[in-house]
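Participant: One structure is given below, represented as C-alpha cells, and several questions about it will come after.
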Amino acid sequence: MPTPAAGLSSDGAGGGTGRPLNEVVTVFPDPAEHIAWVQNGSPAAGTPYGNPDRPGGAHISSETSGGPMPAFGDLLTEEEILAVVRYEREILGGESESALAGGEGGVPAGEVPTGEAQSEGGETSAGGGSGG
Ligand code: HEM
C-alpha cells in the first residue's frame, strides 16, 4: 500500500506537507500524546495543541498548513503507528533512544495506549523486543 506518512514533513528543510517535525519532541514530550495525535489527526482549526510551555508555545491547528492532518487510527496498525512515531522522534526529532524503545517509563511495543483494539495484557515483559 502507499505509505500514508510519505507526505509528512521532515526535518524543517522544506518539502512535505504540514509542519516540520524537528520540533515534535518538544510539542509532544509524552510519546503517548504523539501517538494519540497520529491516531486522531488535527483537532478543529484554531485549536491549540501540544505542550504550551515549550519555547514558542503550543501549536495551533491548521495555522501553518491551511488545513488539518488526517487521522491514521483506522488506517495504520498500532505497530505501524508506533514505528512511525518512533521514527519521527528519534530520526527527525533527534531524541536519543526515545521512550518508545521500551525502557523505563517507556511505551512497550504491543502496549500502545490506544484505548481500543488493544490486545489483552499479560504477555508484555519489560524490554519486549520486536526490533526493527
Ligand atoms: C503516519 C504519517 C504521519 C505522521 C506520523 C504525522 C505526524 C505529525 C505530527 C507529529 C505533527 C505535529 C507536528 C507539530 O505540530 O510540531 C503533524 C502535523 C501535521 N501533519 Fe502530519 N503526520 C503524518 C502524515 C500526514 C499527512 C499524510 C498529511 C497530509 C495529508 C499530514 C499533514 C499534517 C498537517 C497539516 C500538520 C499540521 C497540523 C495542523 O496544522 O493542524 N500529516 N503530523
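Participant: What's the whole-number percent of alpha carbon pairs in segment 14-101 lying beyond 22 angstrom?
Facilitator: Tail of the P(r) past 22 Å holds 21 percent of the pairs.
Participant: Here's something else I'd like to know. Give me the distance in nm between label points sitting 7 Å out from Cα along the Cα-to-Cβ direction at GLU97 and GLU79, one decimal.
Facilitator: Calculated label separation equals 2.5 nm.
Participant: Using modelled backbone amide H atoms (1.01 Å from N, in-plane), which distant-in-sequence or interchain residues come within less than 5 Å of ILE60's amide H?
Facilitator: TYR49
Participant: Shifting gears a bit: For GLU90, GLU23, what ranking results if the residue with the fewest other Cβ atoms within 10 Å of its Cβ goes first?
Facilitator: Sorted ascending by nearby Cβ count, the order is GLU90, GLU23.
Participant: Distance in nm between label sites at ASP53 and ALA32, each 7 Å beyond Cα in the beta-carbon direction?
Facilitator: 1.7 nm
FYI, it's all coordinate maths here, none of it is from the lab. Just so it is clear, the structure is predicted and the values come from calculations on it, not from any experiment. Here Cβ is always computed from backbone atoms with ideal geometry, including for glycine, and neighbour counts include all displayed protein chains.
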